1. Tell me the label-point distance for the pair GLN142, LEU185, using the 7 Å Cα-to-Cβ offset, in nm and rounded to one decimal.
2. Need one word for the range 1-80: rounded, prolate or oblate. Basis is the Cα gyration tensor (sqrt eigenvalues a ≥ b ≥ c); a/c below 1.5 gives rounded, then a/b vs b/c decides.
3. Given the -39500 (n - 2.57) contribution per DSSP H run of 4+ residues, what per-residue ellipticity at 222 nm results for the chain, rounded to the nearest 500 deg cm²/dmol?
4. To the nearest 0.05, what FRET efficiency results for ARG115 and GLU17 with a Förster distance of 41 Å applied to their C-beta separation?
5. Assigning unit charges at the beta carbon (Lys, Arg +1; Asp, Glu -1) and nothing else, what dipole magnitude in debye, to the nearest 20, does the range 28-72 show about its Cα centre?
6. For the chain, give the magnitude of the charge dipole about the Cα centre (Cβ charges: +1 Lys/Arg, -1 Asp/Glu; no others), in debye to the nearest 20.
7. Run the numbers on the chain and let me know its relative contact order in percent, using alpha-carbon pairs under 8 Å that are six or more apart.
8. For volume of the Cα convex hull per residue in Å³, several values are listed as [x] 101; [y] 135; [z] 115; flag the one computed from this structure.
Amino acid sequence: MMKRDECFRVLARHVAEDVVVATYSSAFDWIAVRKHPLNYLSVGAMGLASSHGLGLALGRPDRRIIVLDGDGSLLMNLGTLVTIAEAKPRNLFHFICENGNYEANGGHPIPMQGRLSFVGLARSAGIRQCYEFSELVDFERQIGAVLLQEGPVFVDLKVERGSVAQQDFAYIHSAAVRTEFQAALRKA
């Protein structure tokens, strides 16, 4: 099992001017690792990070779009996997942080915890490029090659909470964050 923040530190080394759509606990961990104007913080819309990422990928095919989703969030919007597979955005990389619970809502266990294959769901939906990582050394060794593939790409990260990131709700919900993102996306 990997620590989520450690995974994000590895991923951040491969992210340049990519748009990163992060949701809930993943958003807090991501901005602690890489605060950037092209971070799209999908907080307050549980289950919609993958849909937001798909819209950005279709609207900006010139940019790599990386979605940092939660397993509980994805379960709330499984239909997005089929839509992503049908749309085939070449620039979409959907990472799910599988920790077996609805972390943002009190840590309640997700249905079928430990018996559900998110990679199996993504493949069944029609996404061909699917990966699963539970060891940081393997993730670190392979992530560069994964990010060079043509999307859509689905990656299941088997994680547990690492060091607790500051949860600055005022920051992630601020108009300034949205304005900064819009300006950075227009400029890019």
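1. According to this spin-label approximation, the distance is 3.1 nm.
2. Details: a/c = 1.77, a/b = 1.09, b/c = 1.63.
Cα axes put the range 1-80 in the oblate bin.
3. Details: 9 runs with 80 residues, N = 188.
Dividing the helical sum by the residues of the chain leaves -12000 deg cm²/dmol.
4. Values: r = 39 Å, r/R0 = 0.95.
With a Förster radius of 41 Å, E is 0.55.
5. Working: 5 positive and 4 negative charges, 51 e Å.
Result for the range 28-72 is approximately 240 debye, rounded to the nearest 20.
6. Working: 20 positive and 20 negative charges, 94 e Å.
So the dipole magnitude of the chain works out to roughly 460 debye.
7. On the way: 329 pairs, mean separation 51.0, N = 188.
Relative contact order, the chain: 27 percent.
8. After the calculation, the listed value that fits is [x].
None of the figures in this text is laboratory data; all of them are computed from the coordinates on show. The structure presented is a predicted model; accordingly, all values stated were derived computationally and were not measured. Because the Cβ atoms are built from the backbone with ideal geometry, glycine has one as well, and the counts that use them run over all protein chains shown.
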